[in-house]
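What follows is one structure encoded as structure tokens, with my remarks underneath.
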Amino acid sequence: MFRSRLLLLVLLLSPLAGISPAQAHGSHGGGGEESLEAGEFNFTPIVTIEGHGGFDINLEGDPKHYAIDGMFGGVFEWGLENGGSIVIEAAVGPALVWGEAEHFYGKVHVHDHDDDHDDHDDHDDHDDHDDHDHHDHDDHHDDHDDHDDHDDHDDHDNHDDHDDHDHDGHDDHGHDTDFKRTDIRGFLQARYAPNDRLSVALSWNPYYVTQDQGEDIQGLKNELGANLTWALGDGDVNFGLGDGIEDLVNGVYLSLDHRQGWESDGMYVGNYTDPRVGLGFKFGGDEISLMIEAGPRFYVPGSYAGLDPRTDFAGEIELSVPVGDATLFLHWQQTYSWEDAPGWGEGWQHHVGTGVTFAF
């Protein structure tokens, strides 16, 4: 079954176009880039190698996860009138996983809490024990009619032992960054730009977990996205060619990004919408590109979490340097949440990645 699903994923993605993570997040249309003439077509094979890590500082145990991805694909591009284009980009490849698999933003671990509530519901009919319903009585169900003070004390001890075991398990999960396995990830995007300042894109980010392990369940994670980007200026800002601070306005853009995520067992994790203001420019003699963007994140968690919608902060800083036919890149995504709720916490989450893209 795994081989058939993996083959299907490769067949869907490998003939299409690929893009590096830096390009995927940094393609904002407009300005400063060479465009094809109307009617021209171009295909560029691409290979990207990236190491990245996620740091969920706002969650209990400060869980971390790391991965090294090898993505193989290419870019199909058709030139249109007015400097516009149609681009199809995709990539697929292995992801070596340390800790747990990368997950959709806002995911909370609620399974243990659900189990505790289930145990509590099973014993709601024991009226004689209303003063300590929060204890787990599964191991002593047959002895409820014969409880004495000593038994009650034993139950408390057992409950404490159970709690200690659960907390230890959570701590181990949060700090376990050992190598786990090799998963398969992909990227597919179609982008339409009617001119050199406006673009609309639809994307699909599939991720196949190859085996059950810890919190990860074998199956296909899915993330769907839609993006609208409008460049306010011509995008051609280069301090290495004499531009000054007053020219930065030409590198400003606005973007609206919406994403939805599903876990590999089909559970709907939630969705978020990011309206952002961004700035892109070059320096160092037309070699180094820097992109900075930030804005609110309107997050709506799935019903599994039992949490209310909230507004977080999200931003990204991205640096890329061309070296011959290769491009070195570094990107840092950060989010901050003011919400303190079960399974979630106030504070920062970070995702940092660096790698190289080869264009052939």
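The values are calculated or read from the model by the stated rules, or taken from the named source; none is laboratory data. The shown structure was predicted, so the numbers you read here are calculated from the model rather than taken from an experiment. Positions of Cβ are backbone-derived with ideal geometry, glycine not excepted, and every protein chain shown enters the neighbour counts. Keep in mind that these areas ignore ligands, DNA and RNA; they rest on the heavy atoms of the full protein, side chains included. Shrake-Rupley method; radii C 1.70, N 1.55, O 1.52, S 1.80 Å.
When restricted to residues that are crowded, with 18+ Cβ neighbours inside 10 Å and over 17 Å from the mean Cα position of the chain (by Cα), the range 296-316 contains 2. Of the listed requirements (1) open to solvent by 40 Å² or more (accessible area, probe 1.4 Å); (2) modelled with pLDDT of 95 or more; (3) under 30 Å from GLY233 (Cβ atoms), PRO322 misses just one: (2). Restricted to the range 218-239, and to residues that are closer than 24 Å to SER264 by Cβ and in contact (Cβ under 8 Å) with a residue 40 or more places away in the chain, which residue is nearest to the chain's Cα centre (by Cα)? Top of the filtered list is GLU223. Number of residues in the range 325-340 that are aliphatic (A, V, I, L, M) and open to solvent by 20 Å² or more (accessible area, probe 1.4 Å): the value is 2. Can you go through ASN227, ASN238, ASN205 and tell me which one is at pLDDT below 95, touching a strand residue (DSSP E or B) at 6+ places or on another chain (Cβ under 8 Å) and not small (Gly, Ala, Ser)? Step by step, each of ASN227, ASN238, ASN205 is checked, and only ASN238 is at pLDDT below 95, touching a strand residue (DSSP E or B) at 6+ places or on another chain (Cβ under 8 Å) and not small (Gly, Ala, Ser). Taken as a whole, the condition of being open to solvent by less than 70 Å² (accessible area, probe 1.4 Å) and under 28 Å from ASP212 (Cα atoms) applies to ASN271.
Residues that are closer than 28 Å to THR354 by Cβ and free of Cβ contacts under 8 Å to residues at least 60 places away in the same chain were ranked within the range 34-66; the one that is surrounded by the most Cβ atoms within 10 Å (Cβ to Cβ) is ASN42.
Scanning the range 297-330 for residues that are not in a strand (DSSP E or B) and not charged (D, E, K, R) yields GLY302, SER303, TYR304, ALA305, GLY306, LEU307, PRO309, GLY324. For the range 63-110, a tally of residues being under 20 Å from the mean Cα position of the chain (by Cα) and either over 28 Å from THR311 (Cβ atoms) or not hydroxyl-bearing (Ser, Thr, Tyr) (or both) returns 31. From the list GLU287, GLU215, GLU263, the one residue that fits, being touching a residue at least 12 places away in the same chain (Cβ under 8 Å), open to solvent by 40 Å² or more (accessible area, probe 1.4 Å), touching a His at 6+ places or on another chain (Cβ under 8 Å) and on the phi < 0 side of the Ramachandran plot, is GLU215. For GLY343, the criteria (1) modelled with pLDDT under 95; (2) under 15 Å from the mean Cα position of the chain (by Cα) hold in every case but one, which is (2).
Every condition in (1) surrounded by 15 or more Cβ atoms within 10 Å (Cβ to Cβ); (2) not in a loop (DSSP other than H, G, I, E, B) is met by ASP236 except one, and the failing one is (2). Within the range 182-202, the residues that satisfy the criterion of being of a type in the set (Ser, Thr, Tyr) and either without any contact (Cβ under 8 Å) to a residue 60 or more places away in the chain or closer than 22 Å to ASN82 by Cα (or both) are TYR192, SER199.
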